[in-house]
1. Relative to the longest principal axis of the C-alpha atoms of chain B, give the angle of the C-alpha long axis of helix B:80-102, reported between 0 and 90° and rounded to the nearest 10°.
2. With a Förster radius of 22 Å, plug the Cβ-Cβ distance of A:Ala231 and A:Val68 into 1/(1 + (r/R0)^6) and report the FRET value to the nearest 0.05.
3. Could you sort out which of B:Lys43/B:Lys220; A:Lys187/B:Lys220; A:Lys178/B:Lys220; A:Lys43/B:Lys220; A:Lys27/B:Lys220; A:Lys27/B:Lys178 sit more than 31 Å apart by Cα distance in this structure?
4. Taking beta carbons within 10 Å but only from partner chains, what does the mean come to for residues B:24-37?
5. Relative to the longest principal axis of chain B, what angle (0 to 90°, nearest 10) does the C-alpha long axis of helix B:192-201 take?
6. What number do you get for the stretch B:3-140 when its Cα radius of gyration is normalised by 2.2 N^0.38 Å, N = residues?
7. What is the mean number of Cβ atoms from other protein chains located within 10 Å of the Cβ atom of each residue in peptide B:141-154, rounded to a whole number?
8. Can you compute the modelled spin-label distance between B:Cys79 and B:Cys135, with each label point 7 Å from Cα toward Cβ, in nm?
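Nothing in this text is a laboratory measurement; each read-out follows from the coordinates by a stated rule. Quantities reported herein were computed from a predicted structural model and do not represent experimental measurements. Glycine gets a Cβ as well: all are built from the backbone with ideal geometry, and neighbour counts include every protein chain shown.
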There are 2 protein chains.
Amino acid sequence: MNASTYEPGTLYGIGTGPGDPELMTLKAVRHLRDCPVVAYFTKRGGNGNAFRTASEHIGREQEKLPLVYPVTTEIPHGCPQYLDLIERFFDDSAAEVAGHLECGRSVAVLSEGDPFFYGSFMHVFLRLQGRFPSCVVPGVPAMLAGSALLPRPITMRDDVMTVIPGTLPDGDMLAALKGADAAVIMKVGRNLPRIRQALRALGLEERAWYIERASMAAEKLLPFIEAPEDAAPYFSMVLIPGHGERR
Amino acid sequence: MNASTYEPGTLYGIGTGPGDPELMTLKAVRHLRDCPVVAYFTKRGGNGNAFRTASEHIGREQEKLPLVYPVTTEIPHGCPQYLDLIERFFDDSAAEVAGHLECGRSVAVLSEGDPFFYGSFMHVFLRLQGRFPSCVVPGVPAMLAGSALLPRPITMRDDVMTVIPGTLPDGDMLAALKGADAAVIMKVGRNLPRIRQALRALGLEERAWYIERASMAAEKLLPFIEAPEDAAPYFSMVLIPGHGERR
């Protein structure tokens, strides 16, 4: 068959969920198994969390396409050198994925949690949009694996829930927390001390919970006042359940 | 065996996801199959959406426990008569579930989307908390099945995302929308005209998307400016993707 007669492959964004392999959806498993190429983001020397979560559904015959971050935490995320490196990395990643799609090989790009809810898949997606058929398979986000551990629901009735990246500048973080009934703070890591300051300023410390590695083997739930003093692991979050009032 | 030697059953809150049966997780399917009793909320004369989504995993031998809402939209949700009816209904539902748990029969309570993210399961959970072992199995929320259909991700980089019940009073809805980069408005239904007013007042109409029945057979995605004039179906939402800026 002539190469020009190939149908292009489909770009799949596969949400692998929060980390427990059993929290993958049936649809994620099916599409993952059907794709001849499996792409996944990872730092140097690792396999990436999404790959680990999905590994039992990835066969030997499937081509593995690791997309290796050039940096993770070595350079501050705001500085021009980081932005330049990371944008070029996503350009290169998209080009590698496109190479397979052009030859008619569908690619499953694994995404921790949900593909369109923060994360790296979307940077490949936006670069290839319109050129190839695509399908986003939603996944269970880490925040809901976290809230499943709480003694009360994260949102009820007329609660407004706000999701806040822990990377926000102090003023923005305070403003976002002020307007929320329920709140989720993601990307905690080294931002933990700043998050503590914000919660303390608003009198929210007592209502907040600290969660590490929700749904994974080393999962940990603590009242926020018992959280570590300094940096937290990458897979940590802070949750504040709403009051669940009617308005 | 004497009844007093029974271990109590476990209360499972099973997130069945947004409606596509394939968007159930492997864990939801396993626990659902293992429970001798399957409880589900439904309006009169129906089987409920969560039950429909999960039906292929429910066997004949499993006892079905429908929890039938005494009212749905016949009485305004704010009025005392509604509140009284609905609280008594949750009391009765919890008692029925507890009856099985006391006899050592685990109960799977089906929940559309995620059990702790709005919804009815939590009202049973909060009434039985501490009396029985429990396990919440998180699910894919409808909002992420909706955002999977968009031409761009719902959140990127430093976006703050706010989830707003469409039932909020106008002033509260405006305030919540103002602080958001990305927004999800749930429980749209008959609140659609009020939501349109709020979006128009803030100049957000052009950025917004209207979605009906995400992940179901009759799923529909429209730019918000092409949404129906008046009421929308129960399973509809409005999504505003963030700009994805770094701060």
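1. Around 40 degrees separate the two axes.
2. After rounding to 0.05, the efficiency reads 0.40.
3. A:Lys187/B:Lys220; A:Lys178/B:Lys220; A:Lys43/B:Lys220; A:Lys27/B:Lys178
4. Averaged over the peptide's residues, the number is 3.
5. 40 degrees
6. 1.02
7. What the average comes to for B:141-154 is 6.
8. Result: 4.3 nm between the two label points.
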